[in-house]
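Working notes for the structure below.
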Amino acid sequence: VYLLFQALRQISQRTISTASRRHVNRVSENQKLFQEDNGLPVHLKGGAKDSLLYRTTAGLTAFGTMYAVYYLLVSSMPKKPN
C-alpha cells in the first residue's frame, strides 16, 4: 500500500511539473487581438466561438422572456368553471 501511494505521488508530481512547463504566455497576442480596431464589439472579437456563445445566450434570453410573458398571460386569465 505504501509503495502504491508513493508511486501515485510521483506520477502526480511529474504531471504537475510537466504541465506547468508547457504553459505559454499569450497575453500580448490577446491584447493585440482585442485592441484591434475592426468595428467588432469586444465580446465578439474572440471569433466563431464567441459569436456562437453570444447567439445562444441571446436566443435563450429571448425564449425565456417569451415563456415568462406567456405564463403571465395564461395565469392572468380567469379559470373556466367546470
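Only a single criterion out of (1) in contact with a Gly (Cβ under 9 Å, 6 or more places away or on another chain); (2) modelled with pLDDT under 85 is not satisfied by LEU53, namely (2). Residue count for the range 31-45 satisfying the condition of being among the basic types (Lys, Arg) and surrounded by 10 or more Cβ atoms within 10 Å (Cβ to Cβ): 1.
For the range 46-82, the tally of residues that are of a type in the set (Val, Ile, Thr), loosely packed, with under 10 Cβ neighbours inside 10 Å and within 30 Å of GLU36 (Cα to Cα) stands at 0. Cβ-Cβ distances below 9 Å connect the following pairs, each with a first residue in the range 53-69 that is under 19 Å from HIS43 (Cα atoms), a second residue that is surrounded by 10 or more Cβ atoms within 10 Å (Cβ to Cβ), and a separation of six or more residues or different chains: LEU53/HIS43; LEU53/GLY46; TYR54/HIS43; TYR54/LEU44.
The values are calculated or read from the model by the stated rules, or taken from the named source; none is laboratory data. Only a predicted model underlies this, so the values are computations on that prediction, with no experimental measurement involved. As a convention, Cβ positions derive from the backbone with ideal geometry for all residues, glycine included, and neighbour counts pool all protein chains shown.
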